[in-house]
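Just so you know, all these numbers are worked out from the coordinates, no wet-lab data involved. A quick note: this is a predicted structure, and the numbers were derived from the prediction, not measured. Cβ sites come from the backbone with ideal geometry, for glycine too, and all protein chains shown count toward neighbours.
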Amino acid sequence: MNLPNAINLIFYYISQKLVLVYKIYHNPKCKKSREGLEYLKAKSIDFKVINYLVEGLNADEVKEILLKSNLKPLQIVRSQDDYFKNYLKNKNFSDDEWVQIIMENPKILQRPIVVGAHKAVLANPPQNIDKLIK
């Protein structure tokens, strides 16, 4: 086997093994989240469902969402949530404090959020997912 053929074979093998898996932060009780999940299923791509209300969130996950979405913490928080309205509205927190608040109160996280290798989107509307998979 000559070198170019060997390189092509190796490239093919690696490309078949490196399958990108998307993550969807999902709340099964939320209509918008269910719509996002169905939209992602219709795209026939591999993804992992993270039921963050059951599994929880850690700081690295929240920071990954913020970094890949290029959003500030307040932009990924549900301002219509009662906890937000009663305890967080009109208060100034640092980004690190917001990360901690979101971790401790995951129900205030916007949903669904879909995370890819380099980007993340709020998938409301579900068509925002197209920004990741193009």
What's the extension gain from Asp96 to Lys72 if we count 0.36 nm per residue and subtract their Cα-Cα distance?
7.6 nm
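Can you compute the FRET efficiency between Lys89 and Val49 using 1/(1 + (r/R0)^6), with r the Cβ-Cβ distance and R0 = 30 Å? Round to the nearest 0.05.
E(calc), rounded to 0.05, equals 0.50.
Give me the number: length gained by fully extending Asn124 to Met103, i.e. 0.36 nm times residue separation minus the C-alpha to C-alpha distance, one decimal in nm.
5.5 nm
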Once both axes come from the Cα atoms, what is the angle between helix 31-42 and the longest principal axis of the chain, in degrees from 0 to 90, rounded to 10?
0
